[in-house]
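Structure, as structure tokens:
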């Protein structure tokens with residue numbers, strides 16, 4: 001599955017993943033292969049990107065996520081640098 005995370009300033013992440021957990025405004029949810037097509041708003045929080053046994057975390061400042069045909073695009077208002 002393909003994931004792209006974009007902020008107004010740049011592309012933050014572009015790559016493949018096996019699962020992603022995002023902070024939806026009604027609660028966190030996970031996107032897996034063959035997920036139904038959706039568009040959802042996001043609140044500030046942690047995006048967890050899983051690729052096999054590897055895991056990467058990115059903290060976002062709200063945004064919108066869209067998934068369709070095993071492609072996920074996440075438009076974040078910003079990210080928190082650690």
The one condition in (1) farther than 23 Å from residue 81 by Cα; (2) at pLDDT 95 or above that residue 26 fails to fulfil: (2)
Residue in segment 31-42 that is touching a strand residue (DSSP E or B) at 6+ places or on another chain (Cβ under 6 Å) and either outside any strand (DSSP E or B) or on the phi > 0 side of the Ramachandran plot (or both) present: yes
Matching residues in segment 5-29 - criterion: being more than 13 Å from residue 70 (Cα to Cα) and either surrounded by fewer than 13 Cβ atoms within 10 Å (Cβ to Cβ) or over 12 Å from the mean Cα position of the chain (by Cα) (or both): 8, 9, 10, 11, 14, 25, 26, 27
Residue satisfying all of: in segment 33-55; closer than 14 Å to residue 81 by Cα and under 11 Å from the mean Cα position of the chain (by Cα); surrounded by the fewest Cβ atoms within 10 Å (Cβ to Cβ) among these: 46
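The values are calculated or read from the model by the stated rules, or taken from the named source; none is laboratory data. Everything numeric here is computed off the predicted structure, so don't read it as measured data. Every residue, glycine among them, receives a Cβ derived from its backbone with ideal geometry; neighbour counts consider all protein chains shown.
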